[in-house]
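Accompanying notes for the structure given below.
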Protein chains: 2
Amino acid sequence: MALVVQKYGGTSVANIERIRHVAGRAVNSYNAGNSLVVVLSAMSGETNKLVGLAHDASEFPIGREYDVIISTGEQVTVGLLALALKEMGYKAKSLLGHQVPIVTDSQFGSARIEGIDGARIMAEIEKGTIVVVAGFQGVDTDGNITTLGRGGSDTTAVALAAALKADLCEIYTDVEGVYTTDPNICQDARKLNRVSYDEMLEMASLGAKVLQTRSVEFAKKYNIPVMVRSSFNDAPGTLVCKEDREMEKVAVSGVTYNKDEAKISVLRVPDRPGIAARLFRPLTEAGINVDMIVQNISHDAHTDLTFTVTKTDFKRAFKIIKETAGEIGAMDVIGDTNIAKVSIVGAGMRSHAGIASKMFEVLSKEGINIQMISTSEIKISCVVDIKYTELAVRVLHDAFGLGREEILEER
Amino acid sequence: MALVVQKYGGTSVANIERIRHVAGRAVNSYNAGNSLVVVLSAMSGETNKLVGLAHDASEFPIGREYDVIISTGEQVTVGLLALALKEMGYKAKSLLGHQVPIVTDSQFGSARIEGIDGARIMAEIEKGTIVVVAGFQGVDTDGNITTLGRGGSDTTAVALAAALKADLCEIYTDVEGVYTTDPNICQDARKLNRVSYDEMLEMASLGAKVLQTRSVEFAKKYNIPVMVRSSFNDAPGTLVCKEDREMEKVAVSGVTYNKDEAKISVLRVPDRPGIAARLFRPLTEAGINVDMIVQNISHDAHTDLTFTVTKTDFKRAFKIIKETAGEIGAMDVIGDTNIAKVSIVGAGMRSHAGIASKMFEVLSKEGINIQMISTSEIKISCVVDIKYTELAVRVLHDAFGLGREEILEER
């Protein structure tokens with residue numbers, strides 16, 4: 001008998017009919033002999049509605065009260081699923097974040113889980129109860145309701161799986177798994193049977209919206225196998241797990257893109273020690289995350305420094321950098337929001353040479369200019385003009401043979 | 001400096017604009033030097049929506065999960081009001097039932113308050129915070145969320161006022177106060193400046209929908225003055241308070257009606273000791289409340305027994321009574337859903353004679369047949385054909401001089 005944590009996203013619980021369908025899936029797993037904890041998101045659209053209300057009430061609503069409001073969506077769905085399960089004749093009980101409890105820090109709107117006490121859930125499971133836990137929410141040590149930020153229900157599920165030492169965490173969503181790239185762009189994109197935590201982390205943070213990054217970090221840290229699959233059919237899904245030899249055989253597992261970044265270049269920065277720190281400190285203080293940073297060798301004791309931020313932060317970041325640039329004697333600051341980041345990801349890159357140069361050649365052959373490059377052990381990202389995004393994704397997907405049957409069968 | 005508990009109903013918090021208006025009212029009271037606790041209902045229509053979802057998920061949803069679902073409406077409004085108050089520059093904090101805590105029994109869907117720990121609220125008030133408490137909800141001793149039943153936010157407000165030893169409890173609603181009768185039926189219905197707890201109790205349970213009965217019981221028990229007034233204007237409202245000499249001067253304070261009852265008559269019941277208990281026990285066991293009961297003197301050791309139940313319970317009650325009547329040898333059972341109960345209420349009845357006979361005369365003069373009569377110290381109720389409801393209310397209102405200026409000025 002296995003202990004399984006299942007998580008269903010907003011589209012999977014969008015209405016009562018879908019919730020009944022989720023109840024049916026849960027019951028199938030329960031009847032197969034599993035102990036079951038089900039984590040739910042809010043009905044799709046509900047959290048957005050609540051966020052809208054909060055923004056109507058206050059210009060800057062993020063804080064304690066914001067979380068009180070937006071945590072209600074999950075409270076409704078867990079109650080409804082518990083009702084639906086009981087209606088089918090099964091023991092079921094909903095638990096909210098503060099009832100589990102799932103203890104977090106007090107960073108309202110984007111709290112981090114600090115600890116989960118699994119005792120109450122295990123006690124219910126031993127009674128044969130299907131436990132339904134509200135995703136996305138927790139409670140701080142003062143008893144205030146907190147939320148984990150967008151996509152936080154994935155994190156709830158994986159963290160619960162870790163705390164309960166579950167055998168498997170299943171993430172049910174509206175896609176069938178993790179694909180080699182966005183099927184809307186490449187018709188021959190293929191679902192991966194398995195992907196490593198590190199690959200998934202690169203894919204998640206690079207724009208593949210299947211799993212929230214933090215949930216993958218949790219899964220990696222506690223070595224929780226995570227199965228991503230569709231709640232709309234019985235297709236097998238993608239298993240996110242530890243890297244193994246089979247995975248290393250494939251150089252590139254996927255092509256991802258992100259259109260949500262903007263580029264800021266600071267021109268002719270005096271090249272002195274500490275100048276980069278001086279430039280980025282005000283951004284950090286304003287809570288702005290910088291993604292890629294490129295600094296080239298200097299000429300005449302001056303250098304150009306380019307970095308990317310999210311499009312949402314662009315205006316604010318530009319204003320801050322403009323001020324700082326003046327203070328440190330840089331010549332000018334220019335911004336560009338018409339960019340996209342295209343990346344290739346693969347655990348096998350560690351052992352395969354020439355992957356980067358192949359990527360650059362493929363893009364160049366299509367006349368796509370590369371504006372910035374950034375690399376990690378298992379990914380290479382290029383910033384290009386936004387109009388080339390789809391083209392770049394397609395030619396890379398093709399060049400690395402991701403759509404071809406034989407490659408997929410290896411995985 | 002006074003401690004004031006304000007409660008706003010669903011129409012008063014129906015949207016962000018209305019919530020901002022409530023914030024403005026609260027701030028006015030706060031700026032006048034009051035310490036303030038604000039209790040809110042859910043946005044009008046929201047609880048019905050949630051109840052609908054629960055009924056979609058389960059045929060009999062009432063229970064633990066039902067309360068998890070339907071308590072979310074208040075959670076949203078308290079968060080929004082706290083945000084709106086902060087936006088105006090005031091300290092504000094929302095507290096849910098389990099955060100106060102408001103401890104109740106475990107009767108989900110209609111829980112009763114067992115105790116309120118006012119320490120946390122008082123600590124916030126001492127910091128100058130406007131405390132916003134979710135109405136309608138509590139927590140049982142096992143940490144389960146409970147709800148108090150329809151109109152429960154009134155009870156939350158009065159119970160909080162009692163626990164905090166507040167100087168005043170203000171109930172803001174969409175009417176200007178308590179009227180001598182339904183203004184939709186009598187154009188010259190007048191708002192009462194003051195009404196006693198007992199009168200209000202009779203009016204509330206007889207169909208005037210201004211204040212929930214249990215909240216008035218609480219107010220009476222702890223002697224909390226309750227001001228019922230409109231959140232839509234600055235009219236003075238009606239004060240519900242202890243009976244005094246002035247009140248006794250007026251024989252009849254109001255005329256109420258209730259079209260939500262149905263009548264069941266058991267014919268020729270063998271008149272033996274214990275027969276009434278035998279008849280009503282199965283109804284009690286089925287959770288059906290009986291309102292009026294009339295039994296006349298018997299003939300030939302047989303008697304007729306008539307009682308009323310709510311229209312909702314009628315079918316179920318009729319079926320149960322039909323069975324029981326067969327078992328105890330009654331001749332027949334007949335039901336009638338075309339009835340209404342019309343009542344006159346007044347603290348002064350205790351000291352005024354001839355009120356009942358005047359009521360019967362007034363009705364008889366209009367040709368309205370009285371089917372059942374029931375009396376208490378301060379009210380007389382008559383069951384009549386439902387088609388005469390409005391006529392009966394109007395002639396009684398007129399006959400007891402309730403619309404006349406001079407009577408109103410006495411109060």
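Right, residue A:280: more than 21 Å from the chain's Cα centre (by Cα), surrounded by fewer than 19 Cβ atoms within 10 Å (Cβ to Cβ), among the aromatic types (Phe, Trp, Tyr) and over 29 Å from residue A:402 (Cβ atoms) or not?
Criteria met by residue A:280.
May I ask you to say which residue of B:354, B:326, B:335 is closer than 30 Å to residue B:284 by Cα, without any contact (Cβ under 8 Å) to a residue 24 or more places away in the chain and surrounded by fewer than 19 Cβ atoms within 10 Å (Cβ to Cβ)?
Of the residues listed, the single one that is closer than 30 Å to residue B:284 by Cα, without any contact (Cβ under 8 Å) to a residue 24 or more places away in the chain and surrounded by fewer than 19 Cβ atoms within 10 Å (Cβ to Cβ) is B:326.
Restricting attention to the range A:99-114, report how many residues are within 11 Å of another protein chain (Cβ to nearest Cβ) and either buried (at least 23 other Cβ atoms within 10 Å of the Cβ) or among the small types (Gly, Ala, Ser) (or both).
1
Surrounded by fewer than 17 Cβ atoms within 10 Å (Cβ to Cβ), closer than 24 Å to residue B:218 by Cβ, touching a Pro at 6+ places or on another chain (Cβ under 9 Å) and more than 10 Å from every other protein chain (Cβ to nearest Cβ): is that true of residue B:117 in this structure?
Judged against the criteria, residue B:117 is a match.
Considering each residue of the range B:27-50, count those that are touching a strand residue (DSSP E or B) at 6+ places or on another chain (Cβ under 6 Å) and within 14 Å of chain A (Cβ to nearest Cβ), and give that number.
The total comes to 2.
Among the residues of the range A:35-49, are any farther than 30 Å from residue A:234 by Cα and small (Gly, Ala, Ser)?
Scanning the range A:35-49 turns up no residue that is farther than 30 Å from residue A:234 by Cα and small (Gly, Ala, Ser).
Looking only at the range A:51-59, decide whether some residue is at the interface with chain B (Cβ under 10 Å from one of its Cβ atoms), under 17 Å from residue B:64 (Cα atoms) and part of a helix (DSSP H, G or I).
There is no residue in the range A:51-59 that is at the interface with chain B (Cβ under 10 Å from one of its Cβ atoms), under 17 Å from residue B:64 (Cα atoms) and part of a helix (DSSP H, G or I).
Tally time: how many residues in the range A:209-224 are surrounded by fewer than 23 Cβ atoms within 10 Å (Cβ to Cβ) and either assigned to a helix (DSSP H, G or I) or among the small types (Gly, Ala, Ser) (or both)?
Of the residues in the range A:209-224, 6 are surrounded by fewer than 23 Cβ atoms within 10 Å (Cβ to Cβ) and either assigned to a helix (DSSP H, G or I) or among the small types (Gly, Ala, Ser) (or both).
Which of the residues spanning the range B:83-110 are over 20 Å from residue B:9 (Cβ atoms) and among the small types (Gly, Ala, Ser)?
B:89, B:106
Applying the selection to the range B:210-244, what residues are under 16 Å from the mean Cα position of the chain (by Cα) and free of Cβ contacts under 8 Å to residues at least 12 places away in the same chain?
None - no residue of the range B:210-244 is under 16 Å from the mean Cα position of the chain (by Cα) and free of Cβ contacts under 8 Å to residues at least 12 places away in the same chain, so the list stays empty.
Filter the range B:67-86 down to residues that are farther than 22 Å from residue B:27 by Cβ and more than 7 Å from chain A (Cβ to nearest Cβ) and give me whichever is surrounded by the fewest Cβ atoms within 10 Å (Cβ to Cβ).
B:70
All but one of (1) over 23 Å from residue A:66 (Cα atoms); (2) at the interface with another protein chain (Cβ under 8 Å from one of its Cβ atoms) hold for residue B:62; which doesn't?
(2)
Quick grid of which residues meet (1) assigned to a strand (DSSP E or B); (2) hydrophobic (A, V, I, L, M, F, W, C); (3) within 14 Å of chain A (Cβ to nearest Cβ):
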| residue | (1), (2), (3) |
| --- | --- |
| B:138 | yes, no, no |
| B:143 | no, no, yes |
| B:146 | yes, no, yes |
| B:159 | no, yes, no |
| B:162 | no, yes, no |
| B:171 | yes, yes, no |
| B:182 | no, no, no |
| B:200 | no, yes, no |
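Give all pairs with beta carbons closer than 6 Å in which a residue from the range B:247-266 that is closer than 12 Å to residue B:382 by Cβ meets a residue that is in a helix (DSSP H, G or I); count only pairs at least 6 apart in sequence or on separate chains.
If the second residue must be in a helix (DSSP H, G or I), the pairs left are B:255/B:393; B:255/B:396; B:255/B:397; B:256/B:203; B:257/B:389; B:257/B:393.
Looking for something in a helix (DSSP H, G or I) and facing chain B (nearest Cβ under 9 Å) - is there at least one such residue anywhere in the range A:87-95?
Yes: the range A:87-95 contains one or more residues that are in a helix (DSSP H, G or I) and facing chain B (nearest Cβ under 9 Å).
Quick check on residue B:255: is it under 28 Å from residue B:195 (Cβ atoms), in contact with a His (Cβ under 7 Å, 6 or more places away or on another chain) and aliphatic (A, V, I, L, M)?
Yes, satisfied.
Looking at the range A:291-310, which of the residues that are of a type in the set (S, T, N, Q) and at pLDDT 90 or above is farthest from residue A:343 (Cα to Cα)?
A:306
Name the helices (runs of 4 or more DSSP H) wholly within the range B:225-343 that hold at least 3 residues that are over 28 Å from residue B:7 (Cβ atoms)?
Per the criteria, B:275-285, B:311-328.
Across the range B:344-399, which residue is nearest to the chain's Cα centre (by Cα) among those that are part of a helix (DSSP H, G or I) and under 19 Å from residue B:294 (Cα atoms)?
Ranking the candidates gives B:386 first.
Does residue A:146 satisfy the criteria of being polar (S, T, N, Q) and either at pLDDT below 95 or out of contact with any helix residue (DSSP H, G or I) (no Cβ under 6 Å at 6 or more places or on another chain) (or both)?
Criteria not met by residue A:146.
Taking residue B:392 as the residue in question, decide whether it is out of contact with any strand residue (DSSP E or B) (no Cβ under 8 Å at 6 or more places or on another chain), of a type in the set (A, V, I, L, M, F, W, C) and surrounded by 12 or more Cβ atoms within 10 Å (Cβ to Cβ).
Criteria not met by residue B:392.
The values are calculated or read from the model by the stated rules, or taken from the named source; none is laboratory data. Keep in mind the model is a prediction, meaning the values are calculated, not measured. Using ideal geometry, Cβ is built from the backbone for each residue, glycine included, and neighbour counts are taken over all protein chains shown.
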